[in-house]
Amino acid sequence: MTEPLLAVEGIDVFYGDVQVLYGLSLEVREGEIVTLLGSNGAGKTTTLRAISGLRTPRTGDIRFRGRSLAAVPAAARADLGMALVPEGRELWGQLTVRENLELGAYSPRVRPRCARNLEKVFALFPRLAEREGQLAGSLSGGEQQMCAIGRALMSEPTLLMLDEPSLGLSPILVEQVMHTIAELHGAGITVLLVEQNLHKALEVAQRGTVIETGRVRLEGTSAELAANPEIRAAYLGI
């Protein structure tokens, strides 16, 4: 079997003296959409922060294309082809849409293709092209999410991580975001998705990992998880 694109191997992660992840392991293979499921406070965001280099595990390892990331800082991980769309968008509100997008192409690896990638983002999100001179802080929630995804795409990621992309959006906009994720996957981007809307997450993903209190509780295909009585009762309300 080929090496996974991303391998999280038994990581323990702390905030000060408080342990949040306990020996957590998961894999994402190239070309997959994998969703990370669990209730609020389960450790999903911490997992993405550890993968991105924003939180250092005390034990365990994270490997990307077989390479340990233990000594690779967050900015350099973007150079390797990893991008995070954080929970809450985290745009620079006093900068324009275009400026926010261009900052996604800060890496020397992609800077020469900034203009071309900007055109691609505007083709994917025509609303951003209409708003390119507008301050990002004045956008609607849906437009901000488009901008946050677009900013990540400017770095030409191989692995796109999204943390609660549908948070605070209307049902119609949730459908649009999920359609966009499927479209990006179809264009060859591997996706690791954290999403509270479990119905939608399981619809778009091939596999899922369920985390409870910082530990992996279940793993399986989306169909297996959707059919699991425990998952249906605890997370899907069925």
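Summary table below
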{"read-out": "Net length gained if the chain between Ala233 and Asp79 were fully extended (0.36 nm per residue, minus Cα distance)", "value": "51.3 nm"}
{"read-out": "Burial ordering of Phe125, Phe64, fewest other beta-carbon atoms within 10 Å first", "value": "Phe64, Phe125"}
{"read-out": "Point-charge dipole on Cβ atoms (K/R +1, D/E -1) for the range 91-151, about Cα centre, debye to 20", "value": "300 debye"}
{"read-out": "Mean projected area in nm² (Cα convex hull; one quarter of hull surface) for the range 94-190", "value": "5.9 nm²"}
{"read-out": "The chain: most fluctuating residue of Gly38, Gly142, Gly66 per GNM, C-alpha cutoff 10 Å", "value": "Gly66"}
{"read-out": "Rounded Å value of the spacing that divides the Cα centres of the range 180-194 and the range 45-65", "value": "21 Å"}
{"read-out": "Cα-based radius of gyration of the chain once divided by 2.2 N^0.38 Å, which approximates compact folds", "value": "0.99"}
{"read-out": "Debye intensity ratio I(q)/I(0), log10, the range 91-151, q values 0.19, 0.21, 0.23 Å⁻¹ (C-alpha model)", "value": "-0.59, -0.71, -0.85"}
{"read-out": "Helix runs (DSSP H) in the chain reaching 20 Å along axis by Cα, Kyte-Doolittle at least -0.5", "value": "171-186"}
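Read the figures in this text as sums done on the coordinates, not as results from a lab. Because the structure is predicted, anything quoted here is derived from the model rather than measured. Using ideal geometry, Cβ is built from the backbone for each residue, glycine included, and neighbour counts are taken over all protein chains shown.
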